[in-house]
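Working notes, structure below.
The values are calculated or read from the model by the stated rules, or taken from the named source; none is laboratory data. The shown structure was predicted, so the numbers you read here are calculated from the model rather than taken from an experiment. Quick reminder, even Gly has a Cβ in these numbers, built from the backbone with ideal geometry, and neighbours come from all protein chains shown. Heads up: the accessible areas ignore ligands, DNA and RNA and are worked out on the full protein's heavy atoms, side chains in. Shrake-Rupley method; radii C 1.70, N 1.55, O 1.52, S 1.80 Å.
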Amino acid sequence: MAGDMKVLNALDSAKTQWYHFTAIIIAGMGFFTDAYDLFCISLVTKLLGRIYYHVDGSSKPGSLPPNVSAAVNGVAFCGTLAGQLFFGWLGDKMGRKKVYGMTLMLMCICSIASGLSFGREPKTVLTTLCFFRFWLGFGIGGDYPLSATIMSEYANKKTRGAFIAAVFAMQGFGILGGGIFAIIASAAFQASFKAPAYEVDAVGSTVPQADYLWRIILMVGAIPALLTYYWRMKMPETARYTALVAKNVQQATADMEKVMQVEIGTEKKEPTSAVKSNNEFGLFTKQFLSRHGLHLLGTCSTWFLLDIAYYSQNLFQKDIFSAIGWIPAAKTMNAIEEVYKIARAQTLIALCSTVPGYWFTVFLIDRIGRFIIQLLGFSMMTVFMFALAIPYDHWTHPGNHIGFVVLYSLTFFFANFGPNATTFIVPAEIFPARLRSTCHGISAASGKLGAMVGAFGFLYLAQPQDKTKADAGYPAGIGVRNSLLVLAVVNLLGTLCTFLVPESKGKSLEEISRENDDSDEAGAQVDNH
């Protein structure tokens, strides 16, 4: 029985050691890179519009047409979704470690390539950018299921939630890192290449060197990933994969003895071809459906609903920043100054609401459990979204912006100290080892589907109901107030779907996934809280 294996028991009861922190850093740097690469595009889209879509004689600086903007921002999401499904499946087939190196290499190569373009025409530059950002997303997608699975399989049962959350929290630092680097780079360019504001000199406001700025910002994303490649390759395969999936207990024991620097020893009764359990059912079987069907529905639906709300925030960010004066009107700035102002605003948001939320989760998840954090997070997001939507007219008046920003920040604090972290953690814990990476990939891909709905569906929905007031190239929508009401309802549904997901706090992975049951009836049923 899987539960009796000495090596797995040793991992479950291990004290927090140095190898836990190296695993967090190795897996976390992948996440740092993911976040940097996915979010840094929003810092440079305005600049791309000014460089490649300048219209002579226009009162406003050039901007990307709606379809181009959607492609540039969304193509990485499509790649991520595909990568989550493909590498999630591959991680269960080939082993976590082998696939982990592939995803990292893909991310490094495509980060660098997305800053290079073939040709100087707007069409060729943006086509190249979209092509490489798709494959960059594909690599990033693989990092989701693998980082979560590796961390959950290395961790002990007492602090497993905090360790997986710490890997995920590196996402906050990635967003922060992207913003800080863009601030430094644009300030350096601004000091070296002086330019007038757009309203003073339309053509002169975008210096030729600005074309290098966006490329440098995108390419720097490869550096943190390259730094950890060597350590990623030196990490042994996780013991749970080697013992439970590859069926080689002795190898698993030897690997973990080296990592943990302790003597574990294998029982004589455990041959190399380890435990033969009745639990060999695949993903598309009745047994899986009866045991884990509702769990998978729970992890997919909650991640899907969360990401609709989470990624729609980008819509309101620019309006909020402009309203409270963080970002002045585009025509009053030159191209490089605009990058600086946008990066500064995003960095402040990351510092105030994004990063703290992640770390609240890290410190509290093993004390109060995944279920409570997710339920609390979704409930608070629902409340704050209604508080923004119902008196929306009140928030638009001058002088009330600060209240709007506070409520808005609280919404995203509770997303990160809530479902944004827990939806990543739980799928890495509640499924059997041979399907863990696949199921995490499926759940994460549902999330990315929600992200696309959030990012693009709401781009159209949030347009004013009066066609004449809509942004150039967009049809009339349902307005911001109604969009916020829709988002509040989405969060309410997330609260309800949370009840499908079991609590995994303080249990071993084999106990949660019932991997040590020899039959369907045996062993303790995972109680649904």
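Things worth noting here:
- Inside the range 90-142, residues that are of a type in the set (Phe, Trp, Tyr) and not in a helix (DSSP H, G or I) make up a count of 1.
- Of all residues in the range 113-130, those that are over 17 Å from HIS54 (Cβ atoms) and among the aromatic types (Phe, Trp, Tyr) have Cβ atoms under 6 Å from Cβ atoms of residues that are surrounded by fewer than 19 Cβ atoms within 10 Å (Cβ to Cβ) and modelled with pLDDT of 90 or more, 6 or more apart or on another chain, in PHE118/THR124; PHE118/THR128.
- Matching residues in the range 435-444 - criterion: being open to solvent by less than 10 Å² (accessible area, probe 1.4 Å), closer than 21 Å to GLY79 by Cβ and either not hydroxyl-bearing (Ser, Thr, Tyr) or not in a helix (DSSP H, G or I) (or both): CYS439, HIS440, GLY441, ALA444
- So LYS97, is it open to solvent by 10 Å² or more (accessible area, probe 1.4 Å) and in contact with a Pro (Cβ under 8 Å, 6 or more places away or on another chain): yes
Yes/no per residue for (1) part of a helix (DSSP H, G or I); (2) within 24 Å of the chain's Cα centre (by Cα); (3) not polar (S, T, N, Q):
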{"site": "SER147", "(1), (2), (3)": "yes, yes, no"}
{"site": "GLU153", "(1), (2), (3)": "yes, yes, yes"}
{"site": "PHE168", "(1), (2), (3)": "yes, yes, yes"}
{"site": "PHE173", "(1), (2), (3)": "yes, yes, yes"}
{"site": "PHE181", "(1), (2), (3)": "yes, yes, yes"}
{"site": "SER186", "(1), (2), (3)": "yes, no, no"}
{"site": "TYR198", "(1), (2), (3)": "no, no, yes"}
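- Test: PRO432 is farther than 27 Å from LEU38 by Cβ and buried (at least 24 other Cβ atoms within 10 Å of the Cβ): yes
- For the range 10-28, a tally of residues being in contact (Cβ under 8 Å) with a residue 60 or more places away in the chain and either open to solvent by 40 Å² or more (accessible area, probe 1.4 Å) or outside any helix (DSSP H, G or I) (or both) returns 7.
- Scan of the range 129-183 for residues that are open to solvent by 10 Å² or more (accessible area, probe 1.4 Å) and either basic (Lys, Arg) or over 30 Å from ASP366 (Cα atoms) (or both), ordered by number: CYS130, PHE131, PHE132, PHE134, TRP135, PHE138, LYS157, LYS158, ILE180, PHE181, ILE183
- The residues in the range 225-258 that are of a type outside the set (Ser, Thr, Tyr) and buried (at least 23 other Cβ atoms within 10 Å of the Cβ) can be counted, and the count is 8.
- Breaking point among (1) of a type in the set (Val, Ile, Thr); (2) farther than 24 Å from MET235 by Cα; (3) surrounded by 23 or more Cβ atoms within 10 Å (Cβ to Cβ), for VAL68: (3)
- Figure legend. Inter-residue proximity from the range 151-172: first residues farther than 19 Å from LEU38 by Cβ and of a type in the set (S, T, N, Q), second residues part of a helix (DSSP H, G or I) and open to solvent by 10 Å² or more (accessible area, probe 1.4 Å), beta-carbon distance below 6 Å, spacing 6+ or different chains. Indicated pairs: ASN156/ASP12; THR159/ASP366.
- Candidates in the range 445-476 are the residues that are over 18 Å from ASN73 (Cα atoms), open to solvent by 40 Å² or more (accessible area, probe 1.4 Å) and out of contact with any Lys or Arg (no Cβ under 6 Å at 6 or more places or on another chain); of these, the one that is modelled with the lowest pLDDT is LYS469.
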